Amino acid sequence: MSRDIHIVQLYPRDMNIYGDWGNVLVLKQRLKWQGYNPVVTEYNPGDEFPSAADLIVGGGGQDSGQVVIQQDLQALAPSLRAMADDGLPMLVICGLYQLFGRFFKTHDGVLIPGIGVLDIETHGGPDRLIGNVLSVSEEFGEIHGYENHSGQTFLGPDAKPLALVRKGEGNNSKDDTEGARYQNVVASYLHGSLLPKNPAIADFLIEKAVTRRYGSFDPAPASDADLAELARLSELARSHAANRPR
Ligand code: GLN
């Protein structure tokens, strides 16, 4: 049986900063360790959307990058919403997190419409929220990462936060929430990149993608040595992140 898993990286040309590309590398590597074959397609404005998509990943970007992709993203909106409703796992960071919501109104007053997968709205403020973040989630435990955004995101009644912030700002400077969750969509402000330091989120996305494609998740048994090395590297990344100054 083929064990292909198709990852679509949304807009890597315009939406890929502070190491966000690393999220795809982590998903690829962990899929291989678990006996699956990752197939990555980069999707940029004007491309044909791949017919096979098991896992969708998108990164952050400057306000100008968000303006560049907005029209193309609107064209994809109905299918992205349908895929999210149907449980397709997605990871969206910062700039694309904002545009998976209702809108991002930049500090300059430019209104960039979102696609409404998430019940959130984002308002650009005069100050950027910058620094290392520690947050805690019921599903994934401690989540470490790095934020740098002017947008302040507020959750509506149909959105739930990914985590609560212990150090740093997260969604905004008013409440303690960080990121958002809907079905199998994980949305976060955290770069750095997110998944090397937070492999539990990678494994959640992988399990959902594989189960949705093949009906069950049967990872190939990794050797004890590989597992020990994997745990050591993740722990190293997490403890470095935890000890960074804000
Ligand atoms: N341009 C957006 C903001 O400043 C997103 C930034 C980012 O993706 N890091 O809020």
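Summary of values
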| quantity | calculated |
| --- | --- |
| Subset of the stretch 2-24 that is free of Cβ contacts under 8 Å to residues at least 60 places away in the same chain and not in a strand (DSSP E or B) - its residue that is farthest from Val68 (Cα to Cα) | Ser2 |
| Residue list for the stretch 131-148, filter: within 12 Å of the ligand (Cβ to nearest atom) and either crowded, with 18+ Cβ neighbours inside 10 Å or more than 21 Å from Val110 (Cβ to Cβ) (or both) | Gly145, Tyr146, Glu147 |
| Filter result (surrounded by fewer than 23 Cβ atoms within 10 Å (Cβ to Cβ) and under 22 Å from Val26 (Cβ atoms)) within the stretch 46-64 | Pro50, Ala52, Ala53 |
| The stretch 82-96 - residue that is aliphatic (A, V, I, L, M) and not in a loop (DSSP other than H, G, I, E, B) and, of those, farthest from the ligand (Cβ to nearest atom) | Ala82 |
| Test: Asp72 is of a type in the set (Asp, Glu) and either within 12 Å of the ligand (Cβ to nearest atom) or within 29 Å of Glu207 (Cβ to Cβ) (or both) | no |
| One residue from Gly101, Gly35 being of a type in the set (Gly, Ala, Ser) and buried (at least 17 other Cβ atoms within 10 Å of the Cβ) | Gly101 |
| Residues within the stretch 217-243 that are touching a Phe, Trp or Tyr at 6+ places or on another chain (Cβ under 7 Å) and surrounded by fewer than 11 Cβ atoms within 10 Å (Cβ to Cβ), tallied | 0 |
| Among (1) touching a residue at least 40 places away in the same chain (Cβ under 8 Å); (2) closer than 14 Å to Ser150 by Cβ; (3) crowded, with 19+ Cβ neighbours inside 10 Å, the one test that Thr122 misses | (1) |
| Scan of the stretch 173-194 for residues that are hydrophobic (A, V, I, L, M, F, W, C) and either in a loop (DSSP other than H, G, I, E, B) or within 16 Å of the ligand (Cβ to nearest atom) (or both), ordered by number | Ala180, Val186, Ala187, Leu190, Leu194 |
| Subset of the stretch 197-238 (residues that are outside any loop (DSSP other than H, G, I, E, B) and within 21 Å of His149 (Cα to Cα)) | Lys197 |
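Yes/no matrix, rows are residues, columns are (1) of a type in the set (Ser, Thr, Tyr); (2) within 30 Å of Gly109 (Cβ to Cβ):
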| site | (1), (2) |
| --- | --- |
| Ser150 | yes, yes |
| Lys174 | no, yes |
| Ile206 | no, no |
| Phe217 | no, no |
| Leu227 | no, no |
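Bear in mind that the values in this text are calculations on the coordinates, not laboratory data. All figures in this text were calculated on a predicted structure; none of them were measured in a lab. Glycine also receives a Cβ, built like all others from the backbone with ideal geometry; neighbour counts cover every protein chain displayed.
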